[in-house]
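The values are calculated or read from the model by the stated rules, or taken from the named source; none is laboratory data. The model shown is predicted, which means the values in this text are computed figures rather than measured ones. For neighbour counting, all protein chains shown are included, and Cβ atoms are generated from backbone atoms with ideal geometry for every residue, glycine included. Ligands, DNA and RNA are stripped out before the accessible areas are found, and what is left, the full protein with its side chains, is counted by its heavy atoms. Shrake-Rupley method; radii C 1.70, N 1.55, O 1.52, S 1.80 Å.
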Amino acid sequence: MADAMDLIAEQWRKERPDLADELGGMELMSRVLRMQNIFERHFKGLCAEHGLGMGEFDFLFTLRRSGPPYTLSAGAFLKAAMVTAGAVTNRVDRMEAKGLVERVRESSDRRSVQVRLTEHGKAVADEAIAAHLRGYTDIVSVLAPQEREQVTAGLRKILEAQGDTSID
């Protein structure tokens, strides 16, 4: 079944046959960008359902996957989120007000602040990650497991070649 990218590529093949060998990259990357739009719609729906922003979910998920005691330094979030210290502070303030996280200060150094997931925050994170992963599974369910592995391996290879092996 043809899609919009097939039509666009065919038009370019007709108009610029000298570029026919170069169109594969455009076809792949355009579909990746369209998948990004699908991902964003899915994730924004999840956020709206739980009354949280995308950055707040990222924060919750980062804390939850860190394992017990589900605590990280504010500085660790600053590095991971690539936002300003003020943005991290505002995010923590909003999440603390919602009962999702709490600030924990080291008794010996009041400047050192840790952010810990509350029981409520852990429950929200657990519910949300399960729904999030189900959404991903639904989106890619049209592919057989072997096809998913091939797409994943191919995209990983592209990212590695571009030097992007970071977690964020």
Go through segment 133-168 and count every residue that is touching a residue at least 40 places away in the same chain (Cβ under 8 Å) and surrounded by 10 or more Cβ atoms within 10 Å (Cβ to Cβ). 4
Restricting attention to segment 56-75, the residues that are within 22 Å of F43 (Cβ to Cβ) and either open to solvent by less than 30 Å² (accessible area, probe 1.4 Å) or of a type outside the set (S, T, N, Q) (or both) number exactly 12
Residue count for segment 22-53, restricted to those that are open to solvent by less than 70 Å² (accessible area, probe 1.4 Å) and over 30 Å from D6 (Cα atoms): 6
If the Cβ limit is 7 Å and pairs must be 6+ apart or interchain, which residue in segment 118-132 that is farther than 15 Å from P68 by Cα pairs with which residue that is aromatic (F, W, Y) and surrounded by 16 or more Cβ atoms within 10 Å (Cβ to Cβ)? A128/F57
Has segment 37-46 got any residue that is in the same structural domain as K122 (by the TED database), assigned to a helix (DSSP H, G or I) and touching a residue at least 40 places away in the same chain (Cβ under 8 Å)? no
